[in-house]
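Contents: one structure, followed by commentary.
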Amino acid sequence: MSTESVVLPLVAFCWNRIGVAGDGSCPELATHIHCRNCPTFASGGRRLYDREPPAGYTDEWTDRIARPDEPEAGRTLPVVLFRVGDEWLALDVRFAVEVAPDRPVRRVPHQTDRVLAGLVNIRGELIPAIDPRELLGADSEGDSDPAKRRLLVIEKDAARWVLAVDEVFDIRRFPEADLGALPATVRAGPAAFTRGVFRWNDRPVGYVDADRVFAALRRSFR
């Protein structure tokens, strides 16, 4: 018996094939960003927990867990690609909650922090909207087509913020081995918040250091 025999009846676990744990080709990812936000994922989870485990399943997993860990080969990093001005950036999908259409951001009276653009209503919740140009020090130039603008909702440790970005492209998976070092001469701007650079469509994409970004946000709202 293999684990695959348990998986196949549940829509073959689409999230492991075309979702964030697969090749990322599922068209629903453009709406839900992560499989955990998709109704298919929730339905599959309920059906899985309602099933009786097949014969030998517990013994098989007891044996697997008892084995020593082996290094994972060819690890890939699932990211959501977005643009701020001329800068293309990649954020780990674990921190991306939702992509929403652009909508009015309400200024906060007497607020002088330039990083905070205001508050925006996302599904009935008022969330701080961040100007990523001010946060990251990104160049203000670049295509700013209103039709492409999106609100990228990010979250860590139960705290949410909205990044008003110029474009959200898609979810992609990059081989971790392809992450290159930042040029030694780069010290400011978005590079200060990135861990390295990927190449995508002949352009550099900065891999966002989520810890630095969220730490900067927390400092701004003390």
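A cut-off of 5 Å between modelled amide H atoms, ignoring neighbours fewer than 5 places along the same chain, links Val20 with Cys35.
For Arg195 and Ser43, calculate 0.36 nm times their separation in residues minus their Cα-Cα distance, and state this gained length in nm to one decimal.
On the way: separation 152, 0.36 × 152 = 54.72 nm, distance 3.60 nm.
Full-extension gain reported as 51.1 nm.
Here the gap between Arg103 and Ala21, fully extended at 0.36 nm per residue and compared with their Cα-Cα distance, gives a gain of 26.4 nm.
Distances between placed amide hydrogens fall under 5 Å for Gly196 paired with Tyr207, all partners being 5 or more residues away or on another chain. Please list, ordered by chain and number, the residues whose modelled amide H lies under 5 Å from the amide H of Glu167; skip anything fewer than 5 residues away on the same chain. It is Arg83, Arg150, by chain and number.
What ranking do 162-173, 78-89, 145-156 get when scored by the average of other Cβ atoms within 10 Å per residue, highest first? Provide the component values of the computation, followed by the final result.
Values: 162-173: 19.8, 78-89: 21.6, 145-156: 16.2.
The packing order, highest mean first, is 78-89, 162-173, 145-156.
Per-residue 3J(HN,Hα) values for segment 150-164, derived from phi via the Karplus relation 6.51 cos²θ - 1.76 cosθ + 1.60 with θ = phi - 60°, read 9, 10, 9, 8, 10, 8, 8, 6, 6, 10, 10, 9, 10, 9, 7 Hz in sequence order (x marks Gly and Pro). Across segment 76-220, the convex hull enclosing all Cα atoms gives 119 Å³ per residue. Across segment 197-206, coupling constants 3J(HN,Hα) worked out from phi with the 6.51/-1.76/1.60 Karplus curve, θ = phi - 60°, read 9, 9, 9, 9, 6, 6, 10, x, 10, x Hz, and Gly and Pro carry x.
Read-outs: derived from the displayed coordinates by stated rules, not from any lab. What you are looking at is a predicted structure, and each value in this text was computed from that prediction instead of being measured. Positions of Cβ are backbone-derived with ideal geometry, glycine not excepted, and every protein chain shown enters the neighbour counts.
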